[in-house]
Structure formats: C-alpha cells, structure tokens
C-alpha cells in the first residue's frame, strides 16, 4: 500500500502578492526548498517496506532529532527513521537481522 504525502512550505506572514493564495501555506514546496531542508522524520508502514508518512522536515539537526524523539513516543510500536538527505541517522524499532 502506498500513501501520498503533501509537503507545505511556510512563507512570511505578509499579504499575498496579487494572488488568492494563503500567505502561510503556499501549497507544495518547490524542489529547491526541499533541498534546503535535509532532515526528515519518517513513519513507515507495518511491513517496513515504504514510508507511510513524513512527520517532519527541517533544516536543523536539533529540531529534526526533537521531532524524531517525539515520534518515537507517539508511535512506540512503529518503525521510525531520522534521515539526513539519503542517509539514515537514527532508527526506532529497527528491522531484525
């Protein structure tokens, strides 16, 4: 089973420039914006085959780890990873060897 996730980019709280777009959420984040946010906290499906939901995306390692720690408390029986770009930095409920 594959789940789609939507990523949002936060923008400054000023008035939108000529559009009806929400000034806080500008819809899908651009590829360039996602590259500036290398840390991800991911919640995996029960079979540990695919990411079910991305719980956090951030530029800060400390915020990423805090989100990861919170996720391990919220979902103690689930497989959760903290990823920096394409490398897994930490994992909770890791697969058996």
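Where a number appears in this text, it was derived from the coordinates with a stated rule and is not lab data. Predicted model only: the values in this text are computed from it and were never measured. No Cβ is skipped: glycine too gets one built from the backbone with ideal geometry, and neighbour counts run over all protein chains shown.
I'd like the FRET efficiency for residue 36 and residue 77, computed as 1/(1 + (r/R0)^6) with the beta carbon distance as r and R0 of 30 Å, rounded to 0.05.
Numbers: r = 33 Å, r/R0 = 1.09.
E between residue 36 and residue 77, to the nearest 0.05, is 0.35.
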So, with points 7 Å from each Cα along the Cβ direction, the residue 70-residue 50 label distance in nm works out to 2.7
